[in-house]
Amino acid sequence: MRVAVVGGGAAGSLAAIFLARGGADVVLLEKNEKLMKKLFITGKGRCNLANACDERTLFQNVVRGEKFLRSAFYGFLPASVMEFFESLGVPLTVERGNRVFPTSGKSSDVIRAIERELYMQNVDVRLRAEVQSVKFDDKFRVSFKGEDGKVQSVEADRVIIATGGASYPLTGSTGDGYKFAKSFGHSVVEPRQSLVALITDENVKELQGLSLKNVELSAYSEGKRFAREQGEMLFTDKGVSGPIVLTVSSYGARLEKIKLSLDLKPALDEKTLDARLQRELAERANQELKNIMRSVLPERLNMYVLKRAQIDGTIKGNSLTKEQRSRIVKTMKGLEFSVKSPAPFSEAVITAGGVELSGLTPKCESKNMGGLYFVGEVIDADALTGGFNLQIAWSTAKIAALDILKQ
Ligand SMILES: Cc1cc2nc3c(=O)[nH]c(=O)nc-3n(C[C@H](O)[C@H](O)[C@H](O)COP(=O)(O)OP(=O)(O)OC[C@H]3O[C@@H](n4cnc5c(N)ncnc54)[C@H](O)[C@@H]3O)c2cc1C
């Protein structure tokens, strides 16, 4: 059986390996000059390829598509993914939060191991092969623009589309798979940026580069809270970023009019924080407020908080009224931001949206066109950071490949 796999990223490359190991004749078509360009930059170049968590945690970290992914995950759980990579000669290390990395700390080692296996399994890898269309007559015909710019085609009995999402398009994922899906009558859930920095209406330039630990971010849409995250975040030139912001961006990827409320001192309630402030003020009654505030908040942030509370930082500690003090406390416990938009796709770690799951079987086969499969980020399933998105890529790739081999 001849199978064409479109897209030589994480999902496509793994699908090709499983297919070839099972005896299929596989052609892997990748438009870049090399395979797995996105995988190379994952985990800041270290490739967080899975999460060594229990099943419950795995499902909890999926934001969209959790039910759909159940069969795929059970067919290739994190422990089996780890075994797979170790059997390819990539020793792994489990780090904080159960994040799994190659022990070498190099994504290139993961890529090299996959490439070696593709070669060993005689997968026909075509680079600089940009697929233009997938059609079906009595067989599939996949047309692609080759190295010489000429359009050629391959025939196949089955096709797997693994073209990725629409984020980081420089790596090759430019949303082509959506076009192929639509040509077979599939609905595509509008792609949105996810795991991405958020741009705020408020000007935060003066805070750019400031990172905060142990803060709590609550996010609201239409007045309803949809996320509350504690941990680290960062101010950018245009808004906010960092771990808890990425998580919020994922939960809010399909929501509008997002408002954020940042609690700078989540461990202290308003009363305790007020008492702390009073102590500082009493100890340094003759100093300027902005200097007193330095012992409560990091430099720059104290000035920003006073500005947002509309209090002059040059007034003396002993002239601060109770009402003003209460305004400072309230601002520190709920610094508000309105989200103008997420940062662009070019900066989004993942795409929320894609081929609608109701159009696919749990084995990732098209319900409209037997023999056509969609795997990886191209489908409307995504997860939080921690190795879960690559887990989706590996698991969907394997279940589709095994389904093809069964026929
Ligand atoms: C900066 C960054 C860091 C990340 N870090 C992590 C991490 O540490 N852990 C984690 O789990 N996830 C991480 N992710 C997410 C993860 O990389 C993706 O979820 C995963 O790569 C998706 O795999 P895929 O094979 O579906 O798509 P991709 O890896 O995007 O592969 C798609 C491939 O298809 C090719 N293609 C597209 N269109 C065509 C066409 N018309 N013809 C031929 N080929 C085509 C593309 O060139 C590309 O090579 C990160 C993402 C980014 C952007």
### Qualifying positions in region 70-83 - within 15 Å of the ligand (Cβ to nearest atom) and either open to solvent by 30 Å² or more (accessible area, probe 1.4 Å) or touching a Phe, Trp or Tyr at 6+ places or on another chain (Cβ under 8 Å) (or both)
F73, F76, L77, V81, M82
### Query
Yes or no: K398 more than 17 Å from F59 (Cα to Cα) and either under 22 Å from the mean Cα position of the chain (by Cα) or hydroxyl-bearing (S, T, Y) (or both)?
yes
### Query
With (1) more than 12 Å from the ligand (Cβ to nearest atom); (2) on the phi > 0 side of the Ramachandran plot; (3) in contact with a Pro (Cβ under 8 Å, 6 or more places away or on another chain) as the list, and C47 as the residue in question, which single condition is left unmet?
(1)
### Query
Given the residues E95, E117, E155, which is the only one that is within 13 Å of the ligand (Cβ to nearest atom) and modelled with pLDDT of 95 or more?
E95
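Quick grid of which residues meet (1) touching a Gly at 6+ places or on another chain (Cβ under 8 Å); (2) in contact (Cβ under 8 Å) with a residue 40 or more places away in the chain; (3) crowded, with 16+ Cβ neighbours inside 10 Å; (4) more than 23 Å from V189 (Cβ to Cβ):
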{"position": "V215", "(1), (2), (3), (4)": "yes, yes, yes, yes"}
{"position": "A219", "(1), (2), (3), (4)": "yes, yes, yes, no"}
{"position": "L260", "(1), (2), (3), (4)": "no, yes, yes, yes"}
{"position": "K271", "(1), (2), (3), (4)": "no, no, no, yes"}
{"position": "D274", "(1), (2), (3), (4)": "no, yes, yes, yes"}
{"position": "L281", "(1), (2), (3), (4)": "yes, yes, yes, yes"}
### Message
Given the criteria near the ligand (Cβ under 7 Å from one of its atoms), at pLDDT 95 or above and open to solvent by 20 Å² or more (accessible area, probe 1.4 Å), does K31 qualify?
### Response
yes
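Is it the case that S346 is among the hydroxyl-bearing types (S, T, Y), over 19 Å from A15 (Cβ atoms), near the ligand (Cβ under 10 Å from one of its atoms) and exposed (fewer than 15 other Cβ atoms within 10 Å of the Cβ)?
Taking the combined requirement at face value, the residue satisfies it.
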### Task
Output the number of the condition that S341 fails; it satisfies all remaining conditions of (1) within 16 Å of the ligand (Cβ to nearest atom); (2) open to solvent by 30 Å² or more (accessible area, probe 1.4 Å); (3) polar (S, T, N, Q).
(1)
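Can you work out which of the residues in region 1-37 that are of a type in the set (V, I, T) and touching a strand residue (DSSP E or B) at 6+ places or on another chain (Cβ under 6 Å) is nearest to T163 (Cα to Cα)? If you could, list the steps in order and put the result at the bottom.
Of all residues in region 1-37, those of a type in the set (V, I, T) come to 3, 5-6, 17, 26-27.
Filter once more, so that each one left must be touching a strand residue (DSSP E or B) at 6+ places or on another chain (Cβ under 6 Å): 3, 5-6, 26-27.
Details: V3: 15, V5: 9, V6: 6, V26: 16, V27: 14 Å.
Result: V6.
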### Query
Among the candidates T385, T351, T396, which residue alone is at pLDDT 95 or above, among the β-branched types (V, I, T) and surrounded by fewer than 24 Cβ atoms within 10 Å (Cβ to Cβ)?
T385
### Query
Which of (1) within 15 Å of G8 (Cβ to Cβ); (2) in contact (Cβ under 8 Å) with a residue 24 or more places away in the chain; (3) within 14 Å of the ligand (Cβ to nearest atom) does Q193 not meet, given it meets every other one?
(1)
### Task
Mind listing just one residue for me: the one in region 126-152 that is touching a residue at least 40 places away in the same chain (Cβ under 8 Å) and open to solvent by less than 20 Å² (accessible area, probe 1.4 Å) and, of those, farthest from the ligand (Cβ to nearest atom)?
F140
### Message
Can you tell me which residue is surrounded by the most Cβ atoms within 10 Å (Cβ to Cβ) among those in region 160-174 that are farther than 11 Å from G7 by Cα and more than 7 Å from the ligand (Cβ to nearest atom)?
### Response
A166
#### Entry: Selection from region 358-399 of residues that are without any contact (Cβ under 8 Å) to a residue 60 or more places away in the chain and of a type in the set (V, I, T)
T361
### Message
Can you list the strands (runs of 3 or more DSSP E) lying wholly within region 156-248 that have 1 or more residues being among the β-branched types (V, I, T)?
### Response
158-161, 188-194, 198-200, 211-221, 239-241
### Query
of a type in the set (S, T, Y), open to solvent by 40 Å² or more (accessible area, probe 1.4 Å), in the same structural domain as A52 (by TED's automatic domain parsing) and touching a helix residue (DSSP H, G or I) at 6+ places or on another chain (Cβ under 9 Å): does that describe S107?
no
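The values are calculated or read from the model by the stated rules, or taken from the named source; none is laboratory data. These numbers were taken from a predicted model, which means no experiment stands behind them. No Cβ is skipped: glycine too gets one built from the backbone with ideal geometry, and neighbour counts run over all protein chains shown. Note: areas computed on protein heavy atoms with side chains; ligands, DNA, RNA excluded. Shrake-Rupley method; radii C 1.70, N 1.55, O 1.52, S 1.80 Å.
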